[in-house]
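Trainee: Shown below is the structure under consideration.
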Amino acid sequence: MCIFSGHGLRRLVPLLAILLLPLLLGAWQDFTGNTINPNYVKRIQDGKTTKTEILAFFGDPKEIEKTDLGPVYKYFSYKDAPPDMPHKYEEKKIQEQSDQQYVIDDAKRIRKPTVKTEGKILRSTLTVRFKSDGETVMSHEYQEF
């Protein structure tokens, strides 16, 4: 029996729709970690775009600020810092997972962890201000760095 026959295909279509729905709605993240798609930013129309559309395009915001004029959603997208980027060593903080005294590796050996000092650089920001109703975009600002 082939899954692409009448009954199999009818079962496959809803499954594919569920799997592809996040991509179709725009709640996405590309392989580089960018969570703000400039093509979706272009779709935002002040005074017309709704909160539901913003959430579908970009997902949950990193920060929500409540103001008297209405809520403000803030999105941030980061990229990896190049390893040769100049920095002040004394200001560079060790990442949390490297702060352990000893770890057990795959071969069940106890060893000191590798110190990870890579960082993230801000790639872009998106600030969306909503009207006092909290449902309609009043204004938005997008910046790439």
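Quick grid of which residues meet (1) more than 18 Å from the chain's Cα centre (by Cα); (2) outside any helix (DSSP H, G or I); (3) at pLDDT below 85:
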residue	(1), (2), (3)
Gly33	no, yes, yes
Thr52	no, no, no
Pro61	no, yes, no
Lys74	no, yes, no
Ser77	no, yes, no
Met85	yes, yes, yes
Val115	yes, yes, yes
Arg123	no, yes, no
Leu126	no, yes, no
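The rows are residues; the columns are (1) of a type in the set (Phe, Trp, Tyr); (2) at pLDDT below 90; (3) within 14 Å of the chain's Cα centre (by Cα).
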{"residue": "Thr67", "(1), (2), (3)": "no, no, no"}
{"residue": "Lys92", "(1), (2), (3)": "no, yes, no"}
{"residue": "Phe130", "(1), (2), (3)": "yes, no, no"}
{"residue": "Val137", "(1), (2), (3)": "no, no, no"}
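The values are calculated or read from the model by the stated rules, or taken from the named source; none is laboratory data. Owing to the predicted nature of the structure, the values given are computational and were not obtained by experimental measurement.
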